[in-house]
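Comments concern the structure below.
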Amino acid sequence: MKNGKFDVLIIGAGAYGLSCAWWMAKRRSGARILVVDEGEFASGASGRNGAGFRMQWGLDLNIRLCQESTQFFENAAEHLDYPRGIELKQDGYLVLAHSEKAMTTLRGSLEIQHRYGVPSELFSAEDCIRMVPALGRNRLVGGTFCGKDGTISPFLLLDSLLKACRRENVDVRYGTRVEKLERFGGGFNVRFRDGVIEADKILLCTDWAVPELLASLGISLPVKSLPKEAIVTVPCAPRVKPILISLEHHISVNQVSRGSIIFVVSRAREGQEIASTPDFLAFAAPKVIDLLPGVADVPVLRTWGGVSSLTPDMQPILGETEIEGLYVAVSSFRGLMTSPAVGRIMSALILENDTNDPVLTQLTPRRFQTGNLIMEPLLNQE
Amino acid sequence: MPSDFQFTFEGRRIAARDGQSVAAALLAAGERCLRIDEAGNPKGAVCGIGVCWECRCSIDGVPDIRACMTPAKPEMVVRRQRGLDPCNDR
Amino acid sequence: MQRSLAVIGAGPAGMAAAIEAVRRGCRVTIIDEAVRPGGQIFRQAHPALRGEEFAEPAELARKHRLLAEFQGVSSKIDYRGEASVYAVFPNGEIHLAQGDATEVLRPDAIILATGVREQVIPFPGWTTPGVMFAGGAQSILKAHRVVPGTNVVIAGCGPLPLIVAAQILRAGGRVAALASLRSLSAMLHHVRGLWHGREIVREGLRYAWTVRRAKVPLLTGYMPVRAIGTERLEAVVLARVDQEGRLLSGSERRIDCDLLAINYGFVANSELAAMAGSEMRRDPVAGGWIPVTDTYGRTSVPGVFVAGDGAGLRGALVAECDGTIVGAAAAMPSSAVDGPTLRAELADAMARRARHLEFQKAVRATLQLPIALWRTVTDETIVCRCENVRFGEIRGALEGGHHSLNAIKRNVRSGMGWCGGRSCLHSVAALTELATGAAPTEMMTPRPMVRPVSFAAIARQRKVEAR
């Protein structure tokens, strides 16, 4: 690592890190931007998720972040000069309610979504089953559906961002771990195994691992790690067209074009392990069968795990910390689907000190001191 | 080959002896293609010991059964799977 | 309180371990995927099919002796046939599927005796029906009394192709050619080993005589470079390859056949050991990634042992002694293993094992595959059969800087299909080594499921408390 000076160092080359880097490079040509990641390409949470994006949220801030990001995904091939495309599929998300209480939440969220022009609709139980005949009727009350929600290939998104970053002369380095971080002059000194660099500003995009780096500078944020596990079935005949989210089962379902069905089954857990746990399958199988009786005989091929971030109000954290020049972008398990908007907003904040976007007020790190917390109702998490 | 019974493969009668696997009886009968994969490639038995999953067939309506690990039985109905075709009966 | 032991795999190592553990008073469960015990080398036919045998009498004698001994203690063993272990976790749980249900076992100790599977170097057309692994063709012959082809070409390295050729001939089959990468005379350098294994050498010479008498064309230095046929194999093209992996032009020979039986060595079935948390090391001739074990088969995980080829390819004779030794060690509390008593009790088994290992050195000499041979893999060749990933795509990933098996998998999906990488990961590792100069240091992250199991079976799960 040659000793160098950078305008911005971004730690973490996932969807947030690369998106912020690209937006910054576009905003100020000639900016010296370095992105580092201790792992391999796509080895973090951005490579381990359900690959979905939805505008169906219950809070305006989440709706807006995802709406802007959806528009970006729809034109990603063009924006990022990536002719191959990012395998965008917009077959919709069907969010399911298995109780009257959940149905009420869905109705309330629908109203807010409509205020922002999200094309979501109310579905009866029959509507849901007509769309996905494999669904179980047991306790199903109804749902909401938005045909513009969908999936991308996280891998191709990261690849397109990486290539676009390098085209803009952003320096992106994998297998590069921050050993020491300290304030120096008006900026920061950062030590790696084979060198030291100086950076005027730092943006932490390491998600659940952010507190570790903050601790070395003597500050903290209430970010916890949330391990999640997923099941992949063998490829089978198409039977689930939209992405399914069941609020009661805490399961999301995505049948990919290859034919495999991916079930992300959430439960309250602690730790940072991506290893598959011994009791996961026995925990998940009955829930999967209850939700989708039609898949009971489909073999499970693989399980995998990933780690998300958990904040006290289940919302992202975007903004400057109490240390001037040190910024954070924590996704709170919706990183992929908000990454384009977050990239734009953070680039404006960091390079131009633009604090106008209301999202920044709502998601500032400082909210944990004032206690001004609002929960997102449409969460698929225990 | 001496035969104890018969079963059906893709409508054809196949002779088998007690204890022979479905794959062995099919091979003895000159059958090679046991499956067509999603890319349209014909596939047959390869490893013979249940490790490669290439020989998987629909047997008596149950999909994805390894022919090399399954003893043939009288009047079994064995069918080739084609891609993700719902002959899979799932 | 009786010590409980689970043995995974009922081949020579597993059976020997179970016999020894029962002898020492353990409660033993043995789990195997086949209908009957025996593993691969001692695969048993259905009683109705027994009769003429094609293997050497001495090998058959070893088989029947061990099976009879195993049968003798079977009333004391919980034998689970047609059962598949799909996970072993670091907490000591074994998850298995049998019938339409699953079960969790939590024994005091686990012996993984899962053996090896075959490996080949892929070439255009190798996925055509009629191209089989040589050992697989042998299994069909051995257990089902079917020669899986009327006109057979056999290719590969090491002793197995010769043995399979001879057995097919003895069964009345026709062998159109036997192609080996190099002659078995490479073994002659290991005089001491050959002496220790002289019974096996005698068996080998008799197999060689069968092949010689039938005047089977022997093509030394040849590899299959193309299989011809779409729905079924019609012919194979073989060519001479030099030590740099370059095909000698003009050496191509096309031979009609309806079965091509190939084997270029073996890969350990070590996924369960890795998933259980064992430290692993890579040794391409010994089976690729194998668990690090000591003389008693102990892995780095307390209570998890590995016996037989799964701890490094060493053949059936070693596997049986190894099973006895590991079975004894696993049968006792860990504090007792390192004492002088056990070593004295096992002196005979250890001496036999050491002798057989000497012979294995000679065998291993024939299984050395220069990495340059992988140059023969063309861009159009399918490497991952399950996901139809061609070498050209893998090469693209390598050139893009993705050098670990996980990264390549994320990039092009190799290893993500039904077989979980069993047919392709050794190829991806070798091709990576050829392209970058260094083999991958890590296995693909070991995860459930080692066998696919339905949600319904998982939901019908029985948990068995060992204590």
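The values are calculated or read from the model by the stated rules, or taken from the named source; none is laboratory data. Note that the coordinates shown come from a computational prediction; the quantities given were computed from them, not determined experimentally. All Cβ positions, glycine included, derive from the backbone under ideal geometry; neighbour counts span all protein chains shown.
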May I ask you to say which residue of B:A45, B:A28, B:A24 is aliphatic (A, V, I, L, M), surrounded by fewer than 23 Cβ atoms within 10 Å (Cβ to Cβ), at the interface with chain C (Cβ under 7 Å from one of its Cβ atoms) and under 17 Å from C:L260 (Cα atoms)?
B:A28
Please specify each residue of the stretch C:362-418 satisfying the condition of being modelled with pLDDT of 95 or more, more than 30 Å from C:H190 (Cα to Cα) and of a type in the set (V, I, T).
C:V377, C:T378, C:T381, C:I382, C:V383, C:V389, C:I394
Can you pull out every residue in the stretch A:135-172 that is within 30 Å of A:R32 (Cα to Cα), within 14 Å of chain C (Cβ to nearest Cβ) and of a type outside the set (S, T, N, Q)?
A:P154, A:F155, A:L156, A:L157, A:L158, A:D159, A:L162, A:K163, A:R166, A:V172
When B:C33 is run through (1) buried (at least 21 other Cβ atoms within 10 Å of the Cβ); (2) at the interface with another protein chain (Cβ under 9 Å from one of its Cβ atoms); (3) not hydroxyl-bearing (S, T, Y), the failure sits at (1)
Give me the pairs: first residue in the stretch A:23-47 and within 23 Å of A:F192 (Cα to Cα) and within 13 Å of chain C (Cβ to nearest Cβ), second residue outside any helix (DSSP H, G or I) and aromatic (F, W, Y), beta-carbon distance under 9 Å, and six or more apart or on different chains, which are they?
A:D37/A:Y174; A:G39/A:Y174; A:E40/A:Y174; A:F41/A:Y174; A:S43/A:Y174
For C:R62, state whether it is out of contact with any strand residue (DSSP E or B) (no Cβ under 6 Å at 6 or more places or on another chain), touching a residue at least 60 places away in the same chain (Cβ under 8 Å) and either among the basic types (K, R) or within 14 Å of chain A (Cβ to nearest Cβ) (or both).
yes
Kindly check whether there is at least one residue in the stretch C:338-351 that is in contact with a helix residue (DSSP H, G or I) (Cβ under 9 Å, 6 or more places away or on another chain), of a type in the set (A, V, I, L, M, F, W, C), within 24 Å of C:L66 (Cβ to Cβ) and crowded, with 24+ Cβ neighbours inside 10 Å.
no
Within the stretch C:353-388, the count of residues that are crowded, with 17+ Cβ neighbours inside 10 Å, within 30 Å of C:T324 (Cβ to Cβ), without any contact (Cβ under 8 Å) to a residue 60 or more places away in the chain and not charged (D, E, K, R) comes to 1
Assess whether C:S423 counts as being more than 13 Å from chain A (Cβ to nearest Cβ), assigned to a loop (DSSP other than H, G, I, E, B) and out of contact with any helix residue (DSSP H, G or I) (no Cβ under 8 Å at 6 or more places or on another chain).
yes
Any chance A:A341 is within 30 Å of A:L9 (Cβ to Cβ), in contact with a Phe, Trp or Tyr (Cβ under 6 Å, 6 or more places away or on another chain) and away from chain C (no Cβ under 14 Å):
no
Applying the selection to the stretch A:268-285, what residues are in a loop (DSSP other than H, G, I, E, B) and either at the interface with another protein chain (Cβ under 7 Å from one of its Cβ atoms) or surrounded by fewer than 18 Cβ atoms within 10 Å (Cβ to Cβ) (or both)?
A:A268, A:R269, A:E270, A:G271, A:Q272, A:E273, A:S276, A:P278, A:D279
Under 12 Å from C:R314 (Cβ atoms) and part of a helix (DSSP H, G or I): which single residue out of C:L373, C:L367, C:L357, C:L398 fits that description?
C:L357
Is there a residue being in contact with a Cys (Cβ under 9 Å, 6 or more places away or on another chain) and surrounded by fewer than 17 Cβ atoms within 10 Å (Cβ to Cβ) anywhere in the stretch A:117-133?
yes
I need the full set of residues from the stretch C:17-38 which are outside any strand (DSSP E or B) and either under 17 Å from C:V304 (Cα atoms) or at pLDDT below 95 (or both), in order please.
C:A17, C:A18, C:E20, C:A21, C:C26, C:A34, C:V35, C:R36
Going by what's in this entry, would A:V288 be described as within 24 Å of the chain's Cα centre (by Cα), modelled with pLDDT of 95 or more and more than 14 Å from every other protein chain (Cβ to nearest Cβ)?
no
Apart from one, (1) more than 12 Å from chain A (Cβ to nearest Cβ); (2) within 26 Å of the chain's Cα centre (by Cα); (3) not aromatic (F, W, Y) all hold for C:E399; the odd one out is (2)
Mind listing just one residue for me: the one in the stretch B:48-72 that is of a type in the set (D, E, K, R) and outside any strand (DSSP E or B) and, of those, nearest to the other protein chains (Cβ to nearest Cβ)?
B:E54
Can you confirm whether the stretch C:439-446 contains a residue that is at the interface with another protein chain (Cβ under 10 Å from one of its Cβ atoms) and not polar (S, T, N, Q)?
yes
Counting residues that are surrounded by fewer than 23 Cβ atoms within 10 Å (Cβ to Cβ) and of a type in the set (D, E, K, R), which strands (runs of 3 or more DSSP E) fully inside the stretch A:287-369 reach at least 1?
A:299-310, A:317-320
